Each structure stands twice: as structure tokens, then as C-alpha cells.
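Remarks on the structure that follows.
What follows is calculated from the coordinates using simple rules that are stated; it is not laboratory data. On a predicted model such as this, the values are computed, not experimentally measured, just so you know. Here the Cβ is made from the backbone with ideal geometry for all residues, glycine too, and neighbour counts use every protein chain on show.
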Amino acid sequence: MTRTGALQRILTLGAMTAFAPMSIDMYLPGFTALQQDLHTTPDAVQRTLVVFFLGLALGQAFWGPVSDRFGRKRPLFLGIVLYALASLGCAMATSIEALLAWRMLQALGGCAGIVIARSMVRDLYEPIDAARVFSRLTLVLGAAPILAPMAGAAIVQTWGWRAIFLALAAFGLACLLAALSLPESLAPGARSSAQQHPVRNALRTYLELLRDRRFIGFALSGALGQSAMFAYIAGAPFVLMQVYGLSPAQFGWVFGANAMGLIAASQINHALLSRVASKALLRRALISLTIWAALMVVLAALGAGFWAVVIPLFLALASLGFSFPNATALALAHQAGRVGSAAALIGSIQFTLAALSGSAVGMFTARSPLPMAGVFCVFAGLALWANRRFAPR
């Protein structure tokens, strides 16, 4: 494959993994407008995040075994079409209850892109190369938290929050067109042959994965770390805009700057992989994540100002640029024959924990950064514990 073709493939796979951040980050600046238009509460608006996380968790558990059985491309196309239609439904919602339902469907469709993109990486690349590719995907994936909030802020101020979901529908259609050029990465001979009792066989595969100490150690390390980030995502709109008084545009810039730190770290990780083992990079990243998260809690508890809280938050999020690519590659490294199911279980664990993280933040009123910082720190510490307790040295 030419370098241009390889770059196009990575960009396409990266765009598909970006369904979650695009669908989350673009509408964050519209929280206040959405709350006012639908005559609801901040807690109810935050539930539109939680239900999206739950949809991502449930949907990936479905799409993984399906892609192992029928190949990658057909399930991918079905998922993207569902995502685009559900995005249109979100744009037309007239109540918070309707929006919650459409957000669930949007997540169920969009997660096909997430799990199948990860599966394709493992199909096409050896484990060491896969870690490098995941770092490159993080570069594409990280562009979403930079561009999406700024684009969302501009859309909200010009056309209102409903236009955000019209833009997401267009993004889904663009991804569908780009996915047409991807190869079918799972050869017919490598597909699951379980034509009878597909549910039973899928459950058996998941149970085997849950008993795999190597898999669960790395999967939990990555998922708990990502859940710390989702505490930030759930709490940031109200903390930054209501506690610290940022405008939607200013929120977009701060959110984008934090994403830039994560992107830069992921590319440093890519360079270091030629000299440092993935396991070592992952352990060091989780230690860094926990230290900066703990400092953020201390400063928030002391009533420190905006910059005193945001700087350790920036450094904690940057640590995830090292942990996520390595944890994912290490968890998938020895899963031949069940890569789709393994990638799906990683995503399901991640977004189940993300739903817990977002719900925990939503239990508190946004009068201080302390609830967001506290939940962030708890999940960061759990990620470090899971790595030390379960992951092989």
C-alpha cells in the first residue's frame, strides 16, 4: 500500500472512532441553550450524556460478535446509517424524554464504527505496529475534542442547538462514504463459524475474555483511565461556564487546549514505542494521571482559582495520550479469532464505567470544581490499581 493509501485508511478509521467524541463534545456548548429550550434541569441534560454512554456500552457488546461472524464492513454500514438517522431524530426532539431516546439510538449506531475500527486495526497490523496505529488514531480522534466544541459553540450561537445534530448527521454520512474505500479486513476463513446459538456463543466468548487475566488487566487499566476523562466531560460544561463564567466560545477554546495536550502526548508515545515497551509506558502514564488528579482535588478543595485547577487537569488529560493507545493494543494483542468481541468488550467496559462516572458527577450541583475533580481522581486511582493488580509485568 502506498503512503497516501495508508494515510487515507488511518484517517478513515480515526474518523469512525471519533463518533463518540464528536457526538459528545460538539453539543457540550449547547447545554445551557438546550436546558432552556426544553424547559428542563441541568441534571436532566447531563442524563443525555449518561444514556449515550450506556448506549455505547450495550451496542458494542452487540456489534463485536456480529462483526466476527459476518465480517467488518456490512455491520459497519448498518451502524453508521442508524447513527445518521438517530442524529436527525435528536434534532427534531421536542422534549427531554424524546432526546434521551434518540441519543440512545444514536449511540447504538455510532458504536459500530468505534468497535469495528479497533477490530480492523488488529486485523491489519501486528501488535507492536497496532500500538503505533492506535497512537495515530488518537491524533485523529483528538482533533474532535478540539474542533467539535468550537464548532458547536459557533453553531449554537448562529443556528441553535438543534443544528448541532444536523451537523452530526452529515458527519455520519461523510464517514459512510469514506468507509466504502476500506478493505474487508476479516477474511471469510477467519470468521466465527457459530451459526447456531449465536447469543450463547457470544456470551461464552465474553466469559472467556473476562477470565483472561492479561486481557482484563489491560482493558480495565484503559477503561478506568478513560472514565476519569468522562468525569471531566460530564462536569466541564457547568463547571467552566457556570462556576468560572466562561462563554460557550471560551469553553470551546479551553476544551480544545486540553485535547491538544492529549494529542501531543499520543504522538510522543508513538515515537517512544521504538525504545520503550508498551507496558512500561502504560504504567508510567497511569502514575502521572493519578498524581495530577490528586493535585487537582487538593487545589479544588482549597478553593483555588481557574488556572490552578485547569493546569493539573491539562497534565492529567495529557497522561491519557500515553495510557489509552498502549492499554488497547496490549489488551487486543493475543485475541486472534475473537478480536471483534475483545474490542467490543473493551468499549462496553469503558462506557459502562463512563456512565457511572458521569452519573457520579451529576449527583452534585455545579457550584464547585470539586465533584468533577474528585470523581476524576477516584477513577484515575482505580486505573493505576487495576494495572498493578491484574496486568502482567
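So what is Rg over Rh here for segment 249-393, counting just Cα atoms and using Kirkwood for Rh?
Numbers: Rg = 16.2 Å, Rh = 16.4 Å.
Rg/Rh for segment 249-393 comes to 0.99.
Please give the per residue volume of the convex hull enclosing the alpha carbon atoms of the chain, rounded to a whole number of Å³. Mind dumping the intermediate values first?
Working: hull volume 47.8 nm³, N = 393.
Residue-normalised Cα hull volume stands at 122 Å³.
I want to check the label-to-label distance for E126 and S181. Put each point 7 Å from Cα in the C-beta direction and report it in nm to one decimal.
2.8 nm
Considering only C-alpha atoms, what is the centroid distance from segment 233-256 to segment 29-55, in Å?
Between the Cα centre of segment 233-256 and that of segment 29-55, the gap is 15 Å.
Using the Kyte-Doolittle scale, find the helices of the chain whose mean hydropathy is at least 0.0 and whose Cα atoms extend 15 Å or more along the helix's long axis, counting only whole DSSP H runs.
3-17, 42-70, 73-92, 96-124, 127-159, 162-179, 213-238, 248-272, 278-301, 306-332, 339-362, 370-390
At a threshold of 8 angstrom on Cα-Cα distance, excluding pairs fewer than six apart, so keeping six or more, what relative contact order does segment 236-393 reach in percent? Numbers along the way, then the final one.
Numbers: 136 pairs, mean separation 52.8, N = 158.
The value is 33 percent.
Kirkwood Rh over alpha-carbon pairs of segment 155-300, then Stokes-Einstein at 4 °C and 1.567 mPa s: what D in µm² s⁻¹, rounded to an integer?
My calculation gives 64 µm²/s for D.
If neighbour count is taken as other Cβ atoms inside 10 Å, put D123, D68, D212 in order from fewest to most. Present the calculation step by step, with values, prior to reporting the outcome.
Values: D123 20, D68 27, D212 17.
Ranked by crowding around the Cβ, least crowded first: D212, D123, D68.
Fewest to most neighbouring Cβ within 10 Å: what's the order for S323, S274, S87?
Numbers: S323 30, S274 8, S87 26.
The fewest-first ordering by Cβ neighbours comes to S274, S87, S323.
So, R0 is 25 Å and r is the distance between the beta-carbons of I268 and M363; what FRET efficiency does that work out to, to 0.05? List each step's numbers first, then the result.
Working: r = 36 Å, r/R0 = 1.43.
That gives a FRET efficiency of 0.10.
What is the gain in length, in nm to one decimal, between Q250 and K279 on full extension, counting 0.36 nm per residue of separation less the C-alpha to C-alpha distance? Before the final figure, lay out each step's value.
Working: separation 29, 0.36 × 29 = 10.44 nm, distance 3.72 nm.
Stretched out fully, the Q250 to K279 stretch lengthens by 6.7 nm.
Which translational diffusion coefficient, to the nearest whole µm²/s, is obtained for segment 201-265 from the Stokes-Einstein equation, given a Kirkwood hydrodynamic radius over C-alpha pairs, 10 °C and 1.306 mPa s?
Details: Rh = 14.5 Å.
Reported coefficient: 110 µm²/s.
Can you give the Rg and Dmax of segment 330-393 based on its C-alpha atoms, in angstrom?
15.3, 49
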